[in-house]
1. What residue, of A:Leu68, A:Leu14, A:Leu59, is in a helix (DSSP H, G or I) and under 30 Å from B:Phe16 (Cα atoms)?
2. Exactly one condition in (1) more than 16 Å from the chain's Cα centre (by Cα); (2) buried (at least 16 other Cβ atoms within 10 Å of the Cβ); (3) free of Cβ contacts under 8 Å to residues at least 24 places away in the same chain is not met by B:His83; state its number.
3. Can you tell me which condition A:Val94 does not meet? The list is (1) in a helix (DSSP H, G or I); (2) buried (at least 17 other Cβ atoms within 10 Å of the Cβ), and all the others hold.
4. Pull out all pairs, ordered by first then second residue, where Cβ-Cβ is under 7 Å, the residues are six or more apart or on different chains, the first lies in region A:66-85 and is more than 9 Å from every other protein chain (Cβ to nearest Cβ), and the second is in a helix (DSSP H, G or I).
5. Take A:Phe93 and tell me if it is farther than 30 Å from B:Val15 by Cβ and among the aromatic types (Phe, Trp, Tyr).
6. Could you identify the single residue in A:Leu132, A:Leu144 that is aliphatic (A, V, I, L, M), in a helix (DSSP H, G or I) and in the same structural domain as A:Val78 (by TED's automatic domain parsing)?
7. What number of residues within region B:50-70 satisfy the criterion of being free of Cβ contacts under 8 Å to residues at least 24 places away in the same chain, part of a helix (DSSP H, G or I) and of a type in the set (A, V, I, L, M)?
8. Which ones in region A:95-106 are of a type outside the set (D, E, K, R) and more than 8 Å from chain B (Cβ to nearest Cβ)?
Amino acid sequence: MRRLLPHPLLTPVLTLIWLLLVNSLEAGQIVLGLFLGWVLPVLTLQFWPEQVRIYKPMLLMRFLGIFLLDIVLANFTVARLILGRPERLQPVFVNVPLDVKSDLAISFLANVISLTPGTVSSRVSPDHRYLLVHALNETDTEALVATIKSRYEAPLKEIFEPC
Amino acid sequence: MLEFLISLLIVTGAVFAFIGSLGLARLKDFYTRLHGPTKATTLGVGCLLIASALHFSIIEQSASLHEVLVTLFLFMTAPVSAHMLAKAALHLGLKSLAKLPDATMANRSMSPRHKQTRQ
């Protein structure tokens with residue numbers, strides 16, 4: 001079972017992506033999409049050592065909503081900072097200690113951090129216990145770490161890792 | 001009315017994309033410059049894509065969902081490339097306005113790949 005269908009979640013996602021790509025709902029395209037959704041995970045099994053499991057799909061939906069809102073806010077924040085006075089910015093590097101363990105959750109967190117207000121993730125420590133974040137304009141580093149941990153890391157931990 | 005909305009979205013998108021690129025010119029060091037292209041452009045491209053989807057779905061009467069895919073790919077690639085650029089910059093120890101963290105410097109000198117390039 002594990003070898004025939006290594007990533008049950010990936011199959012419908014790939015099928016959906018294929019249907020969007022060809023922009024049609026014909027039966028033939030659905031069959032082709034399902035075939036691709038099955039064969040691609042089997043062929044790329046070596047690159048996906050971890051099994052992807054979503055423990056709380058509803059929370060994922062809510063998280064995506066918050067995330068989209070934050071992206072819009074982030075754009076306004078960064079636009080204001082760029083148009084303001086660049087000399088006054090106080091950029092800083094912050095080490096965020098990680099509670100999430102799985103590689104998938106860490107990469108999700110890093111991506112989310114890069115897309116949200118004033119921060120870009122720049123490095124994961126080799127032991128995967130710290131994430132180095134570059135903030136564009138921040139004076140209170142402790143508050144930043146607390147926000148990242150409560151707003152993004154806690155939901156991701158619940159979604160991707162068993163409690 | 002709809003055309004007005006679409007034009008508004010296109011103009012907003014273009015303005016945000018422009019501000020993102022302007023950041024490259026105005027900001028002072030490599031790390032802060034990374035912020036412009038990763039963020040200000042997501043909303044810029046987002047607005048343009050919504051406008052495109054509206055135009056082709058309603059005015060041209062053919063459901064167009066390619067925009068969803070563009071958004072998906074953009075959200076996957078923009079942060080990853082920013083991360084790789086920042087990591088490479090840290091590895092090379094580029095000049096930074098922010099104080100470089102000590103732990104990073106320690107990791108850098110310990111990393112085996114770095115030692116090899118030194119030899």
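1. Working: A:Leu14 fails: under 30 Å from B:Phe16 (Cα atoms); A:Leu59 fails: under 30 Å from B:Phe16 (Cα atoms).
Of the residues listed, the single one that is in a helix (DSSP H, G or I) and under 30 Å from B:Phe16 (Cα atoms) is A:Leu68.
2. Answer for B:His83: the failing condition is (1).
3. (1)
4. Pairs found: A:Phe67/A:Val112.
5. Values: farther than 30 Å from B:Val15 by Cβ: yes; among the aromatic types (Phe, Trp, Tyr): yes.
When the stated conditions are applied, A:Phe93 passes them.
6. On the way: A:Leu132 fails: in a helix (DSSP H, G or I).
After ruling out the rest, the residue left standing is A:Leu144.
7. Restricting attention to region B:50-70, the residues satisfying the condition of being free of Cβ contacts under 8 Å to residues at least 24 places away in the same chain are B:52-53, B:56-57, B:60-69.
Add one more test, that the residue is part of a helix (DSSP H, G or I), and what stays is B:52-53, B:56-57, B:66-69.
Next, from what is left, pick out any that are of a type in the set (A, V, I, L, M): B:53, B:68-69.
So the count comes out to 3.
8. A:Val96, A:Pro97, A:Leu98, A:Val100, A:Ser102, A:Leu104, A:Ala105, A:Ile106
The values are calculated or read from the model by the stated rules, or taken from the named source; none is laboratory data. Please read these numbers as outputs of a predicted model, since none were measured by experiment. Every residue, glycine among them, receives a Cβ derived from its backbone with ideal geometry; neighbour counts consider all protein chains shown.
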